[in-house]
Every structure is written in structure tokens, then in C-alpha cells.
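The values are calculated or read from the model by the stated rules, or taken from the named source; none is laboratory data. None of the values given here were measured: they were computed from a predicted structure. When we count neighbours, we look across all protein chains shown, and the Cβ atoms used for this are built from the backbone with ideal geometry, even at glycine. Surface accessibility is based on the protein's heavy atoms, side chains included, excluding ligands, DNA and RNA. Shrake-Rupley method; radii C 1.70, N 1.55, O 1.52, S 1.80 Å.
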Amino acid sequence: MADGTLFCALHGTLDLHPWYDPATADADPYILFHSRAETYRWLASPGDGRPGSGLWGMNDAGLDPRGEGTRRLWFRAAQQEPAMPRRAVPAQQLLDCAGAVADRMGRLDLKAAQVLVPLDDLPAGPVEGAYGDIVGGLPWFAELPAQAGTAVVVSLDSGTSTAAADAAPAMEERLREIRQKVFTGITSAPGEDAARGLAPGVPDFQESGVPGHRVTFEGHLAEWSYEAAGWLTAFICEAAIEQGVRVPVVATVRPV
């Protein structure tokens, strides 16, 4: 895929609404995602190259037929040049939009969420703004009942590069340092892979057939939702960035 491309995949079982027929619907996944992103002002206007003018530019989206692998919906967005200080990887916004599209089309029993993040395309610079975004999102998850939480596993795969695996010890230490109650009980899970069994793989990444190098953690997520999975993805990515990981990575989050 082109440099700077974000890719998001939702895996699970999708039961379309009786009134939504993909063959005749006025709005397909691309249009729905575009509209939702535009509503939130997350969509960059075509030709607007100003840093910070939007989180991404729309690229492509699609619906996978039932029975063909585990993936049901996918979305591609061209990463917009971020303003400085750099903000957090927009994984929470990306999955929020993706989930809204799924809800508009039907009922998705989400089994896993994946996001490809081109960390090599982020500008070098201080991460204070990015961590401010991470911490700033904590109040959204503050008033959840205890029963809303779930055990999850999250993997960060750097493909043929050993960058993620090399950074694993320092990442684990950093994740535990940050005071937050969204992802707790963090433990390293070497040998585990949250993406195992998911198909198809992320284009031009996991479909290459080359064994990946990854870091995997287990823990307790405050709730199993698109927003929480997106927050956790950004949290893991920012820890990797801080430890010098500057290669494309795929983050996969799934319940245990």
C-alpha cells in the first residue's frame, strides 16, 4: 500500500439489517465512512495540505462476503501530515468511525480489530502532545460498571523488522508507568499472537507469508467497544514510538 496509509479491519460475524441490501443500498461502506468522518471534522479536504487540517483523507473501504474468512469490513485512509506537537495516532477515531459504519449496516459481533499504522511516516519530535491525547481520553471510560470489562490480548507486529520485539521490555515498563484505568493488569505474553486465525491478513503486510516479529500483552480492558479497542491501539503504538519503533506495524486487539 502507499506510504502513509492507515488500514483498519473489523473481524467477526455481521448480520445485515433487513432493510440494508449491499447490492442496492445508496450508501456503501466507503460513503458511510466518509460521511461519518466528515461529520466529526476528521476528514481532510482534498488538496488541503495544511498540517492538522484533518486526521486523514478517504481512500477506500469494503464489505467482505459472509463465509469468506473472518474479516467483515475494512477501511483505508491516507494519513494527513500531523501538526506539531504531534497528536496521538488516530486509532480511536478510526475505529469509532468504522464501528459507526458497522452499526449503520447491521449488527457486528466484533471478534477482533486490526489497525495498520505507518510509524515510519510520523515526524520526529516530542511526544508530549500525543500522550496528552491518550490521558485526555481517560474520562470517557471513567463511569463504566465493573462487569463491562473484559480480558483482552493485544499484539503489535512489525513484520520482517524486529523493532517491536526488541522494544518489548521497555514498552511493558512504560505502559505500567502511565496512570490509567482503561487497560490494567498488563503482563507480557511472549509467543501469543492476537492476529492468529484472522483472515485475510492486512494487505502487503501479513499476506506476505513472512513470519512476523511482535510484542504481545494481556490485560483487562475497561469495556469491549470500538472506542476502547482504538484507545488501546493508540496507547500501544505511542509506547512503541517512544522506544524508537519507526516501521509499519499492525496492532490487533481481541478478547481472550
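One table, with the values for the structure above:
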item: Hits in region 230-245 (condition: of a type outside the set (S, T, N, Q) and open to solvent by 40 Å² or more (accessible area, probe 1.4 Å)); result: Glu242, Gly244
item: Answer residue from region 123-172, given it is modelled with pLDDT under 85 and under 16 Å from the mean Cα position of the chain (by Cα) and is least open to solvent (accessible area, probe 1.4 Å) among those; result: Ala130
item: Cβ-Cβ under 8 Å pairs, at least 6 apart or on other chains, region 26-53 side modelled with pLDDT under 70, far side small (Gly, Ala, Ser); result: Pro46/Gly57; Asp48/Gly54; Pro51/Ala83; Gly52/Ala83; Ser53/Ala44; Ser53/Ser45
item: So Val182, is it open to solvent by 10 Å² or more (accessible area, probe 1.4 Å) and either at pLDDT 90 or above or among the aliphatic types (A, V, I, L, M) (or both); result: no
item: Index of the failed condition, Pro248 passing every other in (1) more than 14 Å from the chain's Cα centre (by Cα); (2) open to solvent by 30 Å² or more (accessible area, probe 1.4 Å); result: (1)
item: Residue within region 200-209 that is hydrophobic (A, V, I, L, M, F, W, C), within 24 Å of Ala77 (Cβ to Cβ), open to solvent by less than 40 Å² (accessible area, probe 1.4 Å) and modelled with pLDDT under 95 present; result: yes
item: Entirely in region 153-256, the strands (runs of 3 or more DSSP E) that have 1 or more residues that are under 16 Å from Leu116 (Cα atoms), out of contact with any Gly (no Cβ under 6 Å at 6 or more places or on another chain) and not aromatic (Phe, Trp, Tyr); result: 214-221, 248-255
item: Residues within region 93-121 that are open to solvent by 20 Å² or more (accessible area, probe 1.4 Å) and modelled with pLDDT under 95, tallied; result: 3
